[in-house]
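What follows is a short report on a single structure.
The values are calculated or read from the model by the stated rules, or taken from the named source; none is laboratory data. Only a predicted model underlies this, so the values are computations on that prediction, with no experimental measurement involved. Methodologically, a virtual Cβ is constructed for each residue, glycine included, from the backbone with ideal geometry; neighbour enumeration extends over all protein chains shown. Accessible surface is based on the protein model in full, side chains and every heavy atom, while ligands, DNA and RNA are left aside. Shrake-Rupley method; radii C 1.70, N 1.55, O 1.52, S 1.80 Å.
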Amino acid sequence: MKVVVDEDRCRGHAVCCSLFPELFTLTDDGYASAVEPEVAAEHEEDVRNAVAQCPERAISVS
C-alpha cells in the first residue's frame, strides 16, 4: 500500500500524526507528510483509519 498526502488539501490539523505518528509527521510549514510512502501490510488498518479521520480528506492510498 502506498500513502500520499495532498499538500494542497492538507491544513495541518495533525489528526493523522496523532493517530499514526510512526508514519505521519508535520513539515516545517506545519502540514502533514508521510515519512515513508510505502506502508507494510500490518499497518494498513492504521493508515485507513488516518484516511477516514482526516478532516480535509487530504490522505489517499493506492
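Say we look at the stretch 35-50 and pick out the residues that are of a type in the set (A, V, I, L, M, F, W, C) and within 11 Å of residue 1 (Cβ to Cβ); which of these is surrounded by the most Cβ atoms within 10 Å (Cβ to Cβ)? Across the stretch 35-50, the extreme among qualifying residues is 47.
Residue check: is residue 61 touching a residue at least 24 places away in the same chain (Cβ under 8 Å), open to solvent by 30 Å² or more (accessible area, probe 1.4 Å) and hydrophobic (A, V, I, L, M, F, W, C)?
Numbers: touching a residue at least 24 places away in the same chain (Cβ under 8 Å): yes; open to solvent by 30 Å² or more (accessible area, probe 1.4 Å): yes; hydrophobic (A, V, I, L, M, F, W, C): yes.
Answer is yes for this residue.
Mind checking which residues of the stretch 12-21 are loosely packed, with under 13 Cβ neighbours inside 10 Å and under 19 Å from residue 57 (Cβ atoms)?
Initially, the stretch 12-21 is screened for residues loosely packed, with under 13 Cβ neighbours inside 10 Å, giving 18, 21.
The one that is loosely packed, with under 13 Cβ neighbours inside 10 Å and under 19 Å from residue 57 (Cβ atoms): 18.
Can you confirm whether residue 24 is modelled with pLDDT of 95 or more, of a type in the set (A, V, I, L, M, F, W, C), touching a His at 6+ places or on another chain (Cβ under 9 Å) and surrounded by 11 or more Cβ atoms within 10 Å (Cβ to Cβ)? Criteria not met by residue 24.
Within the stretch 25-62, track down each residue that is among the polar types (S, T, N, Q) and under 12 Å from residue 14 (Cβ atoms). Can you show your working first?
Applying the first criterion (among the polar types (S, T, N, Q)) to the stretch 25-62 yields 25, 27, 33, 49, 53, 60, 62.
25, 27, 33, 53, listed by residue number.
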